[in-house]
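Colleague: Take this structure, written in structure tokens, and hold onto it; I'll ask about it next.
Here, each number is a calculation from the coordinates, and none is a lab measurement. None of these values were measured; they are calculated from a predicted model. Here the Cβ positions follow ideal geometry from the backbone for every residue, glycine too, while neighbour counts run over all protein chains shown.
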């Protein structure tokens, strides 16, 4: 399947009826809110969208998105490349229908509200999901971080082992 530039908006009910499937990309400069949350966006956003009808005749959207970001490590304060991936599964709803959906349906899917014309803004949907997937406390892998916490931790354990045990006095009393 050829990668295409995704449309800005789509009618999810029509797309689900037709069984449409999109594999494409969105240009990184369209994702302003993500750019404000990270050091930089290093690639275009790779997106897969699948529109289908489930066994209860409800339209749903399933897919995933990937992007490479530069984040600041919260341990050593240097930047590192982070591959962000998110998966999602939505049921499109209109403004008044969310309350009418059953509890079982709410557990299986997330909901996304369509506009008055019955369309979804795909860019906002994808951007929201990516923002929710950005780690709150980004750090390097331990082996890649400039601070060697594992070595520092080993030194602390060795120092503590050299100190006398607080109950060693009791063992000496017991021997007497």
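Colleague: What is the fewest-to-most order of 42, 141 by other Cβ atoms lying within 10 Å of their Cβ?
Modeller: Final ranking by Cβ density, sparse to dense: 141, 42.
Colleague: While we're here: On full extension of the chain, what length is gained from residue 68 through residue 35, given 0.36 nm per residue of separation minus the C-alpha to C-alpha distance?
Modeller: 10.7 nm
Colleague: Turning to a different aspect of this structure: Sorted from fewest to most neighbouring beta carbons within 10 Å, what does the list 140, 83 look like?
Modeller: Ascending number of Cβ neighbours within 10 Å: 83, 140.
Colleague: Given a Förster radius of 22 Å and the C-beta distance between residue 42 and residue 131 as r, what FRET efficiency does 1/(1 + (r/R0)^6) yield to the nearest 0.05?
Modeller: Once rounded, the FRET efficiency stands at 0.85.
Colleague: How far, in nm, would the chain grow between residue 111 and residue 171 when pulled straight, counting 0.36 nm per residue and subtracting the alpha carbon separation?
Modeller: 15.2 nm
Colleague: Calculate I(q)/I(0) for segment 4-146 by the Debye formula, one identical point scatterer on each C-alpha and no solvent, and give its log10 at q = 0.09 Å⁻¹ to two decimals.
Modeller: -0.33
Colleague: Starting with the fewest neighbours, write out 32, 93 ranked by other beta-carbon atoms found within 10 Å of each beta-carbon.
Modeller: Placing the least packed residue first, the sequence is 32, 93.
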